[in-house]
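The values are calculated or read from the model by the stated rules, or taken from the named source; none is laboratory data. None of the values given here were measured: they were computed from a predicted structure. Neighbour counts run over all protein chains shown; Cβ positions are idealised from the backbone, glycine included.
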C-alpha cells in the first residue's frame, strides 16, 4: 500500500494508483481531496481518500509500504507527531520519501512555489523520529530524501 501524503489535486496519487496495489491519498483540505477524486475518476483508477493533518491517520498499524511527501514536509505543523504516526502505519522496513526544494534562488521562495528547506533538517527530523536515512538524490532544485523505518522503531519510543 502506498500513501501520497499532502496529495493536493492528486498529481502523484493517480499515477501511483496505476502501478501500486493500493493507493491512499491524504490531505488536510476537503477541496483538494475533491479535486484529486475527480482526477482519479477521470483517469479510471481506484484511490482511497482520507482527510487528515497527519496527527491521526485512520489506517491500521504496519499497513503501509511507502509514504510520499512531495513539497509538503515544510507545511507539516507537528512534525514529531506526524512522523510518529507514519511509523505506526508503516510496515517494518517501509520507506518514507520526502521531496523538497533544497536549492535555487530564495528571492521568490515561498511566494512562487515551495520555500527552500535544508535537506539536513529533513534528515535529522526523520532520524530523531525513528527512520534511518537511506539516500538523498539531487533532482533539479529538489532533493529526494529517502528514509526507512528502522526495525527498532516503536510507536511512542523516544
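Of note:
- Residue check for residue 13: under 27 Å from residue 121 (Cα atoms) and without any contact (Cβ under 8 Å) to a residue 60 or more places away in the chain: yes
- Residue list for region 90-120, restricted to those being exposed (fewer than 15 other Cβ atoms within 10 Å of the Cβ) and at pLDDT 90 or above: 91, 92, 93, 118, 120
- Boolean, residue 36 is modelled with pLDDT of 95 or more, in contact with a helix residue (DSSP H, G or I) (Cβ under 9 Å, 6 or more places away or on another chain), surrounded by 22 or more Cβ atoms within 10 Å (Cβ to Cβ) and farther than 28 Å from residue 135 by Cα: yes
- Lone unmet requirement of (1) farther than 24 Å from residue 123 by Cα; (2) in contact (Cβ under 8 Å) with a residue 60 or more places away in the chain for residue 5: (1)
- In region 51-75, the residues that are surrounded by 16 or more Cβ atoms within 10 Å (Cβ to Cβ) and more than 17 Å from residue 87 (Cα to Cα): 70, 71, 72, 74
- Some residue of region 27-49 being part of a loop (DSSP other than H, G, I, E, B) and out of contact with any strand residue (DSSP E or B) (no Cβ under 9 Å at 6 or more places or on another chain): yes
- Residue within region 79-86 that is under 21 Å from residue 15 (Cβ atoms) and either surrounded by fewer than 16 Cβ atoms within 10 Å (Cβ to Cβ) or more than 12 Å from the chain's Cα centre (by Cα) (or both) present: no
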